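Before any comments, here is the structure.
The values are calculated or read from the model by the stated rules, or taken from the named source; none is laboratory data. Note that this is a predicted model, so its numbers are computed, not measured. Here the Cβ is made from the backbone with ideal geometry for all residues, glycine too, and neighbour counts use every protein chain on show.
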Amino acid sequence: MSTLAASLKPVPLPSSSRLRTEPAVQALTMLRITYALAPILFGIDKFANVLTNDWTRYLSSQFNDILPGSAATGMHIVGVVEIAAGIVVAVAPRFGGLLVAAWLGGIIVNLLLVGGYGDIALRDFGLLMGALTLTRLAFAYGGSASAATLARE
């Protein structure tokens, strides 16, 4: 199976006995839940505006120029992509982790272009590294050879 096909294959949730006894499986599960829920919640907030009342202030003019419509419309598109990325992480964390890492890379570049948000860009770099860690653990503990092992009691 190619690496791409393996990364798109759904990863089953581990058995409760593996969750109780294997720290690496616990770490994979914690990262999987976090990187599924966080993008979904941030994506929903692009429409609800609970965390901030103006997401557009974080959008650089360079990125705004390539998004269709207004900055607000662009942030709604961002929200939809974030929700989709969270769902992909939940189902296929090997690919979803890479997707979220790439997305965070784009956010970092965007924040550095806006200026004044270096602290948030640095935090997002830490999140990017966590997403790559999720991908690595998902390949190690959810690959085609070990997918059956993950679900085993």
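Annotations
- Members of the range 67-89 found to be within 19 Å of residue 114 (Cβ to Cβ), in a helix (DSSP H, G or I) and either more than 22 Å from the chain's Cα centre (by Cα) or among the small types (Gly, Ala, Ser) (or both), listed by number: 71, 72, 74, 79
- Close contacts from the range 36-52, counting a first residue that is closer than 19 Å to residue 135 by Cβ and a second that is among the aromatic types (Phe, Trp, Tyr), with Cβ to Cβ under 9 Å and a gap of 6+ residues or different chains, come to 39/103.
- Residues of the range 4-16 that are assigned to a helix (DSSP H, G or I) and modelled with pLDDT under 85: 4, 5, 6, 7, 8.
- Of the residues 99, 132, 111, the single one that is crowded, with 20+ Cβ neighbours inside 10 Å, in a helix (DSSP H, G or I) and in contact (Cβ under 8 Å) with a residue 24 or more places away in the chain is 111.
- Test: residue in the range 64-71 that is in contact (Cβ under 8 Å) with a residue 12 or more places away in the chain, surrounded by 13 or more Cβ atoms within 10 Å (Cβ to Cβ) and under 24 Å from residue 88 (Cα atoms): no
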